[in-house]
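Report on the structure given below.
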Amino acid sequence: MMMVRQFIQCQRGAAAAEMALVAPLALLLFFSAVETGHYFYSQHQLVKAVRDGARFGARHSFDDVNCRSGTPFIATDLQTDIRSVALTGQLSGANETRSGWDSSEISFAVTVTCPSVAEATTGIYEAAEPAPVINVAATIGYNSLFNGLGIISDSYDLNASQQASAMGI
């Protein structure tokens, strides 16, 4: 009877048992926090890349981007340059430097929209020709750090879009 009472009152190993119970939850929280941070960082990189591409395209002349005939026009070489700036941060001849992207895995869409004359004259553009708006959108699959060990897995896509009014510089 005395041995049973000593066994029940014994505190040796209690810390190890508590650690064994808490460790899986603590590891899950740690990996989830790191994975979520990486997800937001990757999303920010994509938004930044798309914004850089749109801003680059907006600084071209109205010969490359215009709405003169009532239909949107953007030069093909400018579309290629916008894609290059968004992927690498440079005009040409550079490797993909943003977050380990592969150019075959990312889809870019570069389009131009022409606002109506009524829309154009209500703002700062009160010229004879409405300023075209360059739209850049991108989608890429998310590369998980821990392959789904945290909360977010590789099945998510990152999306971003940006608009910039052409300045005709």
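The values are calculated or read from the model by the stated rules, or taken from the named source; none is laboratory data. Given the structure is predicted, the values throughout are model-derived calculations rather than measurements. All Cβ positions, glycine included, derive from the backbone under ideal geometry; neighbour counts span all protein chains shown. Heavy atoms of the whole protein, side chains included, go into the accessibility calculation; ligands, DNA and RNA do not. Shrake-Rupley method; radii C 1.70, N 1.55, O 1.52, S 1.80 Å.
Here are some notes:
- So Glu18, is it assigned to a helix (DSSP H, G or I), acidic (Asp, Glu) and in contact with a Phe, Trp or Tyr (Cβ under 7 Å, 6 or more places away or on another chain): no
- Condition met for Asp77 (modelled with pLDDT of 65 or more, over 30 Å from Leu29 (Cα atoms) and either under 19 Å from the mean Cα position of the chain (by Cα) or in a helix (DSSP H, G or I) (or both)): yes
- Residue list for the stretch 59-82, restricted to those being open to solvent by 40 Å² or more (accessible area, probe 1.4 Å) and in contact with a Cys (Cβ under 6 Å, 6 or more places away or on another chain): Pro72
- Val85 among the β-branched types (Val, Ile, Thr), assigned to a helix (DSSP H, G or I), open to solvent by less than 90 Å² (accessible area, probe 1.4 Å) and modelled with pLDDT of 80 or more: yes
- Selected residue (criterion: farthest from the chain's Cα centre (by Cα)) from residues of the stretch 152-169 that are modelled with pLDDT under 80 and surrounded by 14 or more Cβ atoms within 10 Å (Cβ to Cβ): Gly168
- Meets criteria (hydrophobic (A, V, I, L, M, F, W, C) and open to solvent by 50 Å² or more (accessible area, probe 1.4 Å)) for Leu21: yes
- Verdict on Asp81 being among the acidic types (Asp, Glu) and touching a strand residue (DSSP E or B) at 6+ places or on another chain (Cβ under 8 Å): no
- Residue match in the stretch 35-58 (condition: assigned to a loop (DSSP other than H, G, I, E, B), surrounded by 12 or more Cβ atoms within 10 Å (Cβ to Cβ) and in contact (Cβ under 8 Å) with a residue 24 or more places away in the chain): no
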